[in-house]
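Shown next, in structure tokens, is the structure this report addresses.
The values are calculated or read from the model by the stated rules, or taken from the named source; none is laboratory data. The model shown is predicted, which means the values in this text are computed figures rather than measured ones. Cβ sites come from the backbone with ideal geometry, for glycine too, and all protein chains shown count toward neighbours.
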Amino acid sequence: MKAMILAAGRGERMRPLTDNLPKPLLKVGAKSLIEYHIDALQKAGIRELVINHAWLGYKIEAYLGNGSQFGVNIQYSRERQALETAGGIIQALDLLGHDFFIVVNGDIFTDYDYSRLSHLKTDRLAHLVLVKNPEHNSTGDFYLKSGVTGEADVYTDNVSAGTMQAYTFSGIGLYHPDFFADSKPGRQALAPLLRDAMNHQLVSGELYQGAWLDIGTPQRLAELNQQYV
């Protein structure tokens, strides 16, 4: 199985930290954010990685190289301008193969075990990892049956299948290339594609209750670093 780490964002909310450094290269303790993902994917047996980049992408390539120092092989999908999540994945499809692949946001911090996805058997086109709602996203993104820890249907609202709990999309997902079959290349967000697929019962999900943080502001990064000093 292959995995893609999304690293093309400008990181506007992280300025001035990202004025001269791509957001995924910001440090948590002694390691960059993206290194934590690479290490975790490698430990899960996933060694074929694709990383997209746009803003200061050459610094990501210079820092990570071909991935051999981490025990993985890295291919890069270069974007002149960030294509957003779906657009970036669509551009990289030729590098990701014909089977399911994992996608991870490069600007999150988590201890999620990616082998859970590499061993998942599903007849859906996408599987999302959801987490409890953080303060900055208190209303959540998608609905999952309350207390579910295994695979379950994901919905865009709480009407489709009765009362359900809304959770936040972690930025970790499993996708089949067919999920993007009807999408054209170019700048494109992922959320509309997910919602449409959910309406056709093509998306499953799970609730993860371990460590997870969206590194969206310098304050959150500083608070996280306090745990690693």
Please go through (1) modelled with pLDDT under 95; (2) of a type outside the set (D, E, K, R); (3) surrounded by 14 or more Cβ atoms within 10 Å (Cβ to Cβ) for His136 and return the number of the only condition it doesn't satisfy.
(3)
Which numbered condition trips up Leu6, out of (1) of a type outside the set (Phe, Trp, Tyr); (2) under 16 Å from the mean Cα position of the chain (by Cα); (3) more than 15 Å from Ile108 (Cα to Cα)?
(3)
Close pairs (8 angstrom Cβ cut-off, 6 or more residues apart or separate chains): modelled with pLDDT of 85 or more and in a strand (DSSP E or B) in segment 154-179, acidic (Asp, Glu) and surrounded by fewer than 22 Cβ atoms within 10 Å (Cβ to Cβ) anywhere
Ala166/Asp141; Tyr167/Asp141; Thr168/Asp141; Phe169/Asp141; Gly171/Asp214
Is one or more of the residues making up segment 78-86 touching a residue at least 24 places away in the same chain (Cβ under 8 Å) and under 21 Å from Leu202 (Cα atoms)?
yes
Test Asp39 against the criterion of being of a type in the set (Asp, Glu), more than 18 Å from Gln188 (Cα to Cα) and in contact (Cβ under 8 Å) with a residue 24 or more places away in the chain, and give yes or no.
yes
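For every residue, the table says whether it meets (1) of a type in the set (S, T, N, Q); (2) within 25 Å of Leu193 (Cα to Cα); (3) in contact with a Pro (Cβ under 9 Å, 6 or more places away or on another chain).
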site	(1), (2), (3)
Ala30	no, no, no
Leu56	no, no, yes
Tyr76	no, yes, no
Ala82	no, yes, no
Ile90	no, yes, yes
Leu93	no, yes, yes
Gly97	no, yes, yes
Phe101	no, yes, yes
Asp107	no, yes, yes
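Quick check, is His127 under 13 Å from the mean Cα position of the chain (by Cα) and not in a helix (DSSP H, G or I)?
Answer is yes for this residue.
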Conditions: (1) among the aliphatic types (A, V, I, L, M); (2) over 19 Å from the mean Cα position of the chain (by Cα); (3) under 27 Å from Arg80 (Cβ atoms). Leu190 meets all but one. Number of the miss?
(2)
Taking the stated definitions as given, is Asp123 modelled with pLDDT under 95, charged (D, E, K, R) and touching a strand residue (DSSP E or B) at 6+ places or on another chain (Cβ under 8 Å)?
no
Which residues, taken from segment 1-45, are at positive phi and either assigned to a helix (DSSP H, G or I) or at pLDDT below 90 (or both)?
Gly11, Gly29
Need the failing condition index for Gly186 against (1) at pLDDT below 95; (2) at negative phi, just the number.
(2)
